[in-house]
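Quick notes on the structure that follows.
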Amino acid sequence: MVLLLLGLALGTRAKGDDKDLVRLDSQMEALQDETGRMQRSFDQHMSDVEKQIARNAEASSKMAAAIANLQTSLDSQATKSRQSVEEIGGLGQSLNEGFDQARERLARATRRLDQTHPVRLTVPSSPVTGGTGQDADYDRALRDFNQGKTAAAWKEFSAYAVSHPSTDLGGASYFYMAEIRYQKGDYREAIGYYNLALRMSPGGSKAAAAELKKGGALVHLGLTDDGMVEFLHVIKEYPNSNEATLAKKVIAKLKALSQ
């Protein structure tokens, strides 16, 4: 009887242990499955991270290459700019030297002519008339000019020429502005103002004088042939004028010097 009870107890315990083992095995399998899923998820995550790192590295490499290319391009442009500046500077220096040499040659030639043939660079001035009695501003400018107050006369003639365009006195104002430049040796500027006097008042009282003195300025600049054209035109257009007589004298002297 005791043995029977012991066997039943042992059998019952064995069945209970078997259930525990089955349950434990089931839990172990579930744990392994979960561990597997976690491992796969971790592996996938690490793969994604590695891919992102690779993409970032590639992007960084491309960016570095782009920056390097840009820097190279900027360096090249900077070099070209420096070279251009140097070339322009060199060209400017060459031009300045050329102009300086030309001015020096002209100055030497002028000095030689002044020493050997002073008449060649002398063009008589037409008589300076007194005040017109018609315009106080013009008369004041002319009075200052005759008194050697060239700075004041320049301002007054300039203002008058601007306020009285295309008039005889307006053209005469440009003529005296040209005379001021002529007296200072600024022959190119003088020619410009003589041209303005002729343009503003083609048949004005100072037209013959402007053309005569324009010819003289051209001779000063070494453009003797052009100056001769102006002198001949004075003789043709104003045959009975004092300027025509002066032009004939200058032409005769220039011809004598050329022989």
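Could you sort the peptides 235-241, 217-223 by per-residue average Cβ neighbour count (10 Å cutoff), highest mean leading? Could the numbers behind the result be given before it?
Numbers: 235-241: 13.1, 217-223: 20.6.
So the order, starting with the most tightly packed, is 217-223, 235-241.
Treating only the Cβ atoms of Lys and Arg (+1) and Asp and Glu (-1) as charged, compute the dipole magnitude of the range 118-258 about its Cα centre; round to the nearest 20 debye.
Here the size comes out at about 460 debye.
In the structure shown, do any of Lys184/Lys214; Lys184/Lys249; Lys149/Lys214; Lys155/Lys214; Lys184/Lys253 have a Cα-Cα gap over 19 Å, and if so which? Could you put the intermediate results ahead of the total?
Working: Lys184/Lys214 14 Å; Lys184/Lys249 24 Å; Lys149/Lys214 23 Å; Lys155/Lys214 22 Å; Lys184/Lys253 24 Å.
Over 19 Å Cα-Cα: Lys184/Lys249; Lys149/Lys214; Lys155/Lys214; Lys184/Lys253.
Counting other beta carbons within 10 Å of each residue's own, what order do Glu179, Glu29, Glu189, Glu211 fall into, fewest first?
Values: Glu179 25, Glu29 10, Glu189 16, Glu211 22.
Ordered by Cβ neighbours within 10 Å, fewest first: Glu29, Glu189, Glu211, Glu179.
Over the range 187-254, what is the mean sequence separation of C-alpha contacts under 8 Å (at least six apart), divided by residue count, expressed as relative contact order in percent?
Working: 71 pairs, mean separation 17.4, N = 68.
So the answer I get is 26 percent.
Zone of His233 (label point 7 Å along Cα→Cβ, backbone N under 18 Å): which residues in the range 169-185?
Only 171-172, 174-176, 178-179 pass the distance filter.
Using the reciprocal of the averaged 1/r over all distinct C-alpha pairs, how large is the Kirkwood radius of the range 118-258 in Å? Each step should come with its number before you reach the end.
On the way: mean 1/r = 0.0666 Å⁻¹.
Over the range 118-258, the inverse of the mean reciprocal pair distance is 15.0 Å.
Could you please rank Val234, Val162, placing first whichever residue has the fewest other Cβ atoms within 10 Å of its Cβ?
Details: Val234 28, Val162 10.
Least to most surrounded, the residues fall as Val162, Val234.
With each pseudo-label sitting 7 Å past Cα toward Cβ, what's the Gln259-Gln39 distance in nm, one decimal?
Computed distance between label sites Gln259 and Gln39 equals 12.7 nm.
From the backbone phi of the range 137-154, what are the Karplus-calculated ³J(HN,Hα) couplings (6.51 cos²θ - 1.76 cosθ + 1.60, θ = phi - 60°) in whole Hz, Gly and Pro given as x?
5, 5, 4, 5, 5, 5, 5, 5, 4, 5, 8, x, 8, 5, 5, 5, 4, 4
For the range 118-258, calculate the relative contact order in percent as a whole number, restricting contacts to Cα pairs under 8 Å that are 6 or more residues apart.
Values: 192 pairs, mean separation 27.5, N = 141.
So the answer I get is 20 percent.
On full extension of the chain, what length is gained from Val162 through Glu189, given 0.36 nm per residue of separation minus the C-alpha to C-alpha distance? The partial results should precede the final answer.
Values: separation 27, 0.36 × 27 = 9.72 nm, distance 1.75 nm.
Answer, rounded to one decimal: 8.0 nm.
Using Cβ counts within 10 Å as a stand-in for footprinting exposure, how do Met28, Met228, Met177 rank, fewest first?
On the way: Met28 10, Met228 18, Met177 27.
Placing the least packed residue first, the sequence is Met28, Met228, Met177.
Any read-out appearing in this document is the output of simple, stated calculations on the displayed coordinates, not a laboratory observation. Nothing here was measured: the structure is a model prediction, and the numbers come from that model. Counting neighbours? That spans all protein chains shown, and the Cβs are built from the backbone with ideal geometry, glycine included.
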